[in-house]
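Structure, as structure tokens:
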Amino acid sequence: MRDGGAAARIAVIPGDGIGKEVTPQAVKVLKAVTAPAKRRLEFVEFDWSAEKYLREGVSLPAGAVEMLRDEFDAILFGALGDPRVPSNQHAADILLGLRFKLDLYVNARPVELLHDRLTPLRDRTEKDIRLMVFRENTEGLYAGVGGFFKKDTPDEIAVQEDVNSRKGVERIIRYAFEYARQNGLKRVCMSDKSNAMTFAHDLWQRVFKEVRQEYSNIESRHLYIDALAMEIVREPGQFDVIVTCNLFGDIISDLAAQLAGGLGLAPSANIHPGRTSLFEPVHGSAPNIAGKGIANPFGSVLTAGLLMEFLGWSDEAHLLKQSVKSALNDNITTADLGGNKSTAAVSDYLTNHIAKHS
């Protein structure tokens, strides 16, 4: 990313709960996988936790967005959320704030079964569950447009607007097709609910029809979101790339992640090509298990692999994934995946595997 052999600068935001436990393990594994190739990484940690918010009343500090944009190549994110902040405002200010203000319009959620025993689907193997979900990340129902009328009265009305721009829809659909082309994938599926959302998703229909004509060598299809949910469970192997709106992408990527072993194995990337981008595991802060040393670090480590790919370091990304597959094969896992190892013990296994295969 940076010219002249300068170190890639990574902002580290561990956040809350198990984010504080798994993020340091991801940093440790990143250091292990980059050292043999003499890849230079510089990590700078920021405490933007709920604890700090409760103490100082500040979520995303003034100037933080500009600093991250101008001084860092990527952001490694842990998890946000604390029961002491019931509104979850602190988490929304930081995570949604960074997505919107850095214009991270691509939310990429790869779904890959890394061991056959992890899927709840009968007779499915690793070759059957391997796809990418692209979620539009800056618009839709998450744009925060709406309000209340007569709040806290029997006549209360709540309105939430679904925001879809031509620019926003086109660039995420085009990104999905380009990803398929660059990775030798044959199929792109766009999902909406245009039969019911006749204005917002009519735009998705029209843009998809136009863009798909530029990629005639890629099989393209449309499914309503309810049909997609059924089909991805019935036969996940029929999908290579799925692209959809913010809300539907949030839901369908979690459903798909469960088919590959659950959120503990689910990485994600929030990307604006060529700009500072943010990488976070899909799981939340899990306050019920925080501090017990049993949090699954795989999601954070696989997220670090996406960060490596973003930097153009594909060999290191591949080795990170192979270390996780090896741990699954040897059942070196935390309790959520059937093992009995601690977070630190799993991380130690990964770094040892990397050292042996670098």
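Brief remarks follow.
- Considering only residues in the stretch 205-228 that are touching a Phe, Trp or Tyr at 6+ places or on another chain (Cβ under 9 Å) and in a helix (DSSP H, G or I), the one that is nearest to Val111 (Cα to Cα) turns out to be Leu228.
- Single residue of the stretch 291-321 satisfying the filter (small (Gly, Ala, Ser) and farther than 22 Å from Ala91 by Cα) that is surrounded by the most Cβ atoms within 10 Å (Cβ to Cβ): Gly305
- Flag for Ala257 being touching a residue at least 60 places away in the same chain (Cβ under 8 Å), under 23 Å from Ser323 (Cβ atoms) and surrounded by fewer than 23 Cβ atoms within 10 Å (Cβ to Cβ): no
- In the stretch 221-238, the residues that are more than 20 Å from Phe177 (Cβ to Cβ) and hydrophobic (A, V, I, L, M, F, W, C): Ala227, Ala229, Met230, Val233
- From the list Glu51, Glu21, the one residue that fits, being surrounded by fewer than 17 Cβ atoms within 10 Å (Cβ to Cβ) and more than 21 Å from Arg275 (Cα to Cα), is Glu51.
- Residues (in contact (Cβ under 8 Å) with a residue 24 or more places away in the chain and either in a loop (DSSP other than H, G, I, E, B) or open to solvent by 50 Å² or more (accessible area, probe 1.4 Å) (or both)) located in the stretch 270-290: His272, Pro273, Arg275, Thr276, Val282, His283, Gly284, Ser285, Ala286, Pro287, Ile289, Ala290
- Residue match in the stretch 68-89 (condition: over 21 Å from Asp348 (Cβ atoms), open to solvent by 50 Å² or more (accessible area, probe 1.4 Å), assigned to a helix (DSSP H, G or I) and modelled with pLDDT under 95): yes
Let's see how each residue does on (1) among the basic types (Lys, Arg); (2) open to solvent by 30 Å² or more (accessible area, probe 1.4 Å); (3) within 13 Å of Thr244 (Cβ to Cβ):
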residue	(1), (2), (3)
Gly144	no, yes, no
Asp152	no, yes, no
Asn164	no, yes, yes
Glu170	no, yes, no
Tyr175	no, yes, yes
Gly184	no, yes, no
Ser191	no, no, yes
Ser194	no, no, yes
Ala200	no, no, yes
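The values are calculated or read from the model by the stated rules, or taken from the named source; none is laboratory data. Since this is a predicted model, take the numbers as computed values, not measurements. No Cβ is skipped: glycine too gets one built from the backbone with ideal geometry, and neighbour counts run over all protein chains shown. Accessible surface areas use protein heavy atoms only, side chains included; no ligands, DNA or RNA. Shrake-Rupley method; radii C 1.70, N 1.55, O 1.52, S 1.80 Å.
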